[in-house]
């Protein structure tokens, strides 16, 4: 089959295209299909109008413009729609039922309802976008919020099939009225790659080889910043030789808040702020951690998410101490492949981290089990086969 994926944004710096769409497309191509990704690169405008190949997958970036957002929406949606049809696909798979791609998908669905012979549309959702969801994290205008809420409900009900990245989203989609036979649980998965060189990353960052390292790989918005400050303060007081390796970039000055808290509470000497790291270098940074923490507040946004960062940590073989929220309990078997904590019990997470820092054997056992559990149950190849079956069953 010829398949077109409609992306919600460009390749960089957000993660959906690289972490979810590219590996899924690559696996579908190993099954004999051809996949082309159509992307609106408003997040990386330097790629406007360019075509590139990533892991053997063709990515066509449409031209960006005009600058006015109200004018840009119909223009970019129309360009995505035309670019998709120009590929003469057997089906179109929209990733995220919102925004420019969502408008292009709505046009396709509307024309099909009018009897125009066009390929069927499938839709993927990896976040809850509307009321109580991702809109709480963005400064959308009222018209934007209303549009995204409408798209999130209108498109899945009319799509040939719906793929969902979490069990919570699966429930929400079912509650909308989408029948089970049109729904496929499609979590973020991994491929088997060797762990990185943690010693090299430590040397580059100036971390002593024998220093215990607590790793935080994050975008910061998934938890209360006060909780992070408490955890670092508590761990530092009890393990003063610790280093906190922070990989990732916030969106609301969270790094500055963390540095300020470090100065006020005294754990500033332990902070190692790596910031955003190139994907090729990331395995080394993750391998530099002795224990990874994954704080995750119990919110609708988080319960609906399928955090790719957690899968990367587990695949790296780092023992993870995480909050027992949503999809995290799908990826971690408690006390076997990782540790899950009560999200409201901040001290529990600090205690479990300190426990692991003092127990190298348990760290190694948990890290190896976490990697093995993930690779056995969440492989892109296995879920690509399930997606192929959904396509074949529903595309007529």
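The values are calculated or read from the model by the stated rules, or taken from the named source; none is laboratory data. Keep in mind that this is a model prediction, so the values were computed, not measured. Note that we place each Cβ from the backbone using ideal geometry, even for glycine, and neighbour counts take in every protein chain shown.
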Selected residue (only one of 133, 161 is surrounded by 15 or more Cβ atoms within 10 Å (Cβ to Cβ), within 24 Å of residue 180 (Cβ to Cβ), touching a residue at least 60 places away in the same chain (Cβ under 8 Å) and out of contact with any strand residue (DSSP E or B) (no Cβ under 8 Å at 6 or more places or on another chain)): 133
Those helices (runs of 4 or more DSSP H) lying entirely in region 344-396 with at least 2 residues under 22 Å from the mean Cα position of the chain (by Cα), at negative phi and modelled with pLDDT of 95 or more: 360-377, 380-394
Sole exception among (1) touching a residue at least 60 places away in the same chain (Cβ under 8 Å); (2) within 30 Å of residue 32 (Cα to Cα) for residue 373, by number: (1)
Tabulated pairs, region 295-310, first on the phi > 0 side of the Ramachandran plot, second buried (at least 24 other Cβ atoms within 10 Å of the Cβ) and modelled with pLDDT under 95, C-beta under 8 angstrom, 6+ apart or interchain: none
Pairs where the first residue, in region 8-37, is farther than 14 Å from residue 126 by Cα and not assigned by TED's automatic domain parsing to the domain that holds residue 84 and the second is at pLDDT below 95 and surrounded by fewer than 23 Cβ atoms within 10 Å (Cβ to Cβ), C-beta under 6 Å, 6+ apart: none
Residue match in region 184-206 (condition: within 23 Å of residue 24 (Cβ to Cβ), in a helix (DSSP H, G or I) and not assigned by TED's automatic domain parsing to the domain that holds residue 263): no
Pick from region 185-195, criterion at pLDDT 95 or above and out of contact with any strand residue (DSSP E or B) (no Cβ under 8 Å at 6 or more places or on another chain), ranking: farthest from residue 19 (Cα to Cα): 187
Among residues of region 285-309, those that are within 16 Å of residue 337 (Cβ to Cβ) and either surrounded by fewer than 24 Cβ atoms within 10 Å (Cβ to Cβ) or not assigned by TED's automatic domain parsing to the domain that holds residue 228 (or both), counted: 0
Residue in region 162-173 that is part of a loop (DSSP other than H, G, I, E, B) and either at positive phi or modelled with pLDDT of 95 or more (or both) present: yes
Residue that is surrounded by the most Cβ atoms within 10 Å (Cβ to Cβ), among those in region 58-90 that are touching a strand residue (DSSP E or B) at 6+ places or on another chain (Cβ under 6 Å) and closer than 24 Å to residue 164 by Cα: 80
Single condition residue 209 does not satisfy, out of (1) within 23 Å of residue 312 (Cα to Cα); (2) in contact with a strand residue (DSSP E or B) (Cβ under 9 Å, 6 or more places away or on another chain); (3) part of a loop (DSSP other than H, G, I, E, B); (4) free of Cβ contacts under 8 Å to residues at least 60 places away in the same chain: (2)
Total residues in region 137-161, condition within 24 Å of residue 380 (Cα to Cα) and part of a loop (DSSP other than H, G, I, E, B): 2
Failed item, numbered, when residue 174 is tested on (1) touching a residue at least 12 places away in the same chain (Cβ under 8 Å); (2) not assigned by TED's automatic domain parsing to the domain that holds residue 303: (1)
